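**Q** Quick one: structure below, then a few questions.
The values are calculated or read from the model by the stated rules, or taken from the named source; none is laboratory data. What you are looking at is a predicted structure, and each value in this text was computed from that prediction instead of being measured. Quick reminder, even Gly has a Cβ in these numbers, built from the backbone with ideal geometry, and neighbours come from all protein chains shown.
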């Protein structure tokens, strides 16, 4: 037990924890935005965009994350692309996870009946509007489960960054190990924060539908006077 | 047509196997007697046939297994290096491991090498995955709580490796704000941090050296023994600052409280230090860097 409170180990683990959270959150944000965009590309009517999405998914989903890190950290600087190790980590992790987010979303889009899109088009909606107002909200609801798996995997994948000069939890583990502490204790104190982060993401996704519903109600309450058609549509689809 | 292909493939495999076997043989130290050059040659070690270590479970297990399992490093030139093309290991640490093995009654072909990263050393030794470990293993008090050490067999000091044209870094005092690279979680970090350096950490020193080549870091820091190896490998590109600021006692790591084995290893080290093998091994490996080294006194605790 005393491993936590000697030689500044607590600060080491705390800083590692914060770094892991920060890295995971930024990478998750990047992955979500990029993944949604890629999914839109993959179902879009433009062949070039579809091809771009397909290539992205194929490359990033099928390359081991460690290799992606290696390529980013050790080959990009030779091409004069220089970032801090943390930025490299966010990019590698975000680009990698985006491929999975894209595929999960696309599978969700496939569950939305074709009639929905046809109906939207007959109402005169553009492709963007159809996707944003009709397809994606419904798709998002069906993919909640697999999507949570993707985002639970992300903080755990972030451990790889520890080997590439990002002072996160896994690197704190390496420092403690080198100091010669018993591996079981180190494992406990390093695994616990990872568990906490991943479990929190799981819980968040569990309550996400309710949160979204509440947010929807809030929005409706705020704009009650205007009775906007658009909000109604979104709400109906939730 | 098909049969011919199969025959050709078989012949290829046979040829390859034969070549590999030949390579393995020619790799044996001391065999290349034809070389008339003055390059120092590795010593050969007399295997003790009747070696006995009373009361050591590790030794008994190795004996009944008929093989000694030694942990080492594989990525440190002139120290502990695995040449994957010839499937051989070479370096100063490897020689130390071999001379101990010889005194324990195991010839070089009865050694099973196991590459173990720094972070996993204690775990492997405690778990019995290896019989002993020789790989730039600094004797520290914290480590002594989980493993035992025989030695020291070498005394290193932490130094800085910089690009040849670097005149700014002249010692640890001048690294303030400079980007210094070392291996993830290593003790080298603790030693350089107080000087105000920005630390970059990678899994291996070769990755750090790569970053030094692309000038993303200003210096690589760790024991001078390791740095000398890289300086020699990338001849003319780097230089050592040459001001060691710590003292690292390299020991042979083994199971805690296996006093019998520890004493046996200490005896082996002493014997080979006295008969000149130690010096020969040093001259043919780390000594190639041009700097001499002294044999440290053993610490039989």
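**Q** If a residue must be at pLDDT 90 or above and either surrounded by fewer than 24 Cβ atoms within 10 Å (Cβ to Cβ) or not in a helix (DSSP H, G or I) (or both), how many such residues does segment B:87-98 contain?
**A** The number of residues fulfilling the criteria is 4.
**Q** When both residues are 6+ apart or on different chains and their Cβ atoms are under 8 Å apart, which pairs have a first residue that lies in segment B:166-190 and is within 14 Å of another protein chain (Cβ to nearest Cβ) and closer than 19 Å to residue B:202 by Cα, and a second that is modelled with pLDDT of 90 or more and surrounded by fewer than 16 Cβ atoms within 10 Å (Cβ to Cβ)?
**A** Close Cβ pairs satisfying both conditions: B:179/B:198; B:180/B:198.
**Q** Oh, and also: Name, by its number, the condition in (1) over 17 Å from residue A:11 (Cβ atoms); (2) more than 10 Å from every other protein chain (Cβ to nearest Cβ) that does not hold for residue A:184.
**A** The single condition residue A:184 does not satisfy is (2).
**Q** Restricting to segment B:184-207, give me the number of residues that are within 18 Å of residue B:244 (Cβ to Cβ) and within 18 Å of the chain's Cα centre (by Cα).
**A** Of the residues in segment B:184-207, 4 are within 18 Å of residue B:244 (Cβ to Cβ) and within 18 Å of the chain's Cα centre (by Cα).
**Q** List every residue pair whose Cβ atoms sit under 8 Å apart, with the two residues 6 or more apart in sequence or on different chains, where the first one lies in segment A:104-128 and is within 30 Å of residue A:152 (Cβ to Cβ) and the second, anywhere, is outside any helix (DSSP H, G or I) and modelled with pLDDT under 95.
**A** A:104/A:143; A:105/A:143; A:107/A:143; A:108/A:143
**Q** Would segment B:194-208 turn up any residue that is more than 14 Å from every other protein chain (Cβ to nearest Cβ) and modelled with pLDDT of 90 or more?
**A** Yes, some residue in segment B:194-208 is more than 14 Å from every other protein chain (Cβ to nearest Cβ) and modelled with pLDDT of 90 or more.
**Q** Name every residue in segment B:57-83 that is over 24 Å from residue B:126 (Cβ atoms) and at pLDDT below 90, in order of residue number.
**A** Matches in segment B:57-83: B:77, B:78.
**Q** Also, quick follow-up: If you go through segment B:136-156 one residue at a time, do you hit one that is more than 8 Å from chain A (Cβ to nearest Cβ), over 18 Å from the mean Cα position of the chain (by Cα), at pLDDT below 95 and on the phi > 0 side of the Ramachandran plot?
**A** Looking through segment B:136-156, none of the residues is more than 8 Å from chain A (Cβ to nearest Cβ), over 18 Å from the mean Cα position of the chain (by Cα), at pLDDT below 95 and on the phi > 0 side of the Ramachandran plot.
**Q** If you don't mind, another one. Output the residues belonging to segment A:79-93 that are more than 13 Å from the chain's Cα centre (by Cα) and either buried (at least 18 other Cβ atoms within 10 Å of the Cβ) or in a helix (DSSP H, G or I) (or both).
**A** Scanning segment A:79-93 gives A:79, A:85, A:86, A:87, A:88, A:89.
**Q** When segment B:104-134 is examined, which residues are found to be more than 14 Å from chain A (Cβ to nearest Cβ) and either assigned to a strand (DSSP E or B) or at pLDDT below 90 (or both)?
**A** Residues satisfying the conditions are B:111, B:112, B:113, B:114, B:115, B:132.
**Q** Ok, one more. Is it the case that residue B:51 is within 22 Å of residue B:271 (Cβ to Cβ) and more than 18 Å from the chain's Cα centre (by Cα)?
**A** Yes, satisfied.
**Q** Also: I'd like to verify a number: residues in segment B:253-271 that are part of a helix (DSSP H, G or I), buried (at least 22 other Cβ atoms within 10 Å of the Cβ) and under 20 Å from the mean Cα position of the chain (by Cα), how many?
**A** 4
**Q** Restricting to segment B:213-252, what's the tally of residues that are within 22 Å of the chain's Cα centre (by Cα), within 14 Å of chain A (Cβ to nearest Cβ) and either in a helix (DSSP H, G or I) or more than 8 Å from residue B:159 (Cα to Cα) (or both)?
**A** 3
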